[in-house]
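Bear in mind these aren't lab numbers, they're just calculated from the coordinates by the rules spelled out. Since the structure is predicted, the reported quantities are computational estimates derived from the model, not experimental observations. Every residue, glycine as well, gets a Cβ built from its backbone with ideal geometry; the counts of neighbours run over all protein chains shown.
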Amino acid sequence: MIFGVAIVGLVLYLSLSFDQVRCDVCVEYKGQTQCRSAEGIDAETASRTARDNACAFLISSKTDAFLCGQGTLKSVSCQPR
């Protein structure tokens, strides 16, 4: 029990102690646009996560997932948290 509480505490401490970046990303794929936000340790990680989340709403196959993820972003805005 104490070990579990210690692990949860460590995870919370590590996730809250680092500087985070928040990115708002809009993706256009096959004529549809989807926007999502994500936080990460740096702008690259946060924007990639936001793009993957946006693409998840626009795709219907693995091929679509690949193509959407490789496409050009319609807009990206990142800021430190």
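So here's what we get for this one:
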| item | result |
| --- | --- |
| The lone exception for Arg51 - which of (1) within 11 Å of Cys23 (Cβ to Cβ); (2) out of contact with any strand residue (DSSP E or B) (no Cβ under 9 Å at 6 or more places or on another chain) it fails | (2) |
| Qualifying positions in the stretch 28-66 - out of contact with any helix residue (DSSP H, G or I) (no Cβ under 9 Å at 6 or more places or on another chain) and among the charged types (D, E, K, R) | Glu28, Asp42, Glu44, Lys62 |
| Search result, residues across the stretch 39-65 that are under 17 Å from Arg81 (Cβ atoms) and touching a Cys at 6+ places or on another chain (Cβ under 6 Å) | Ala43, Ala46, Ser47, Ala50 |
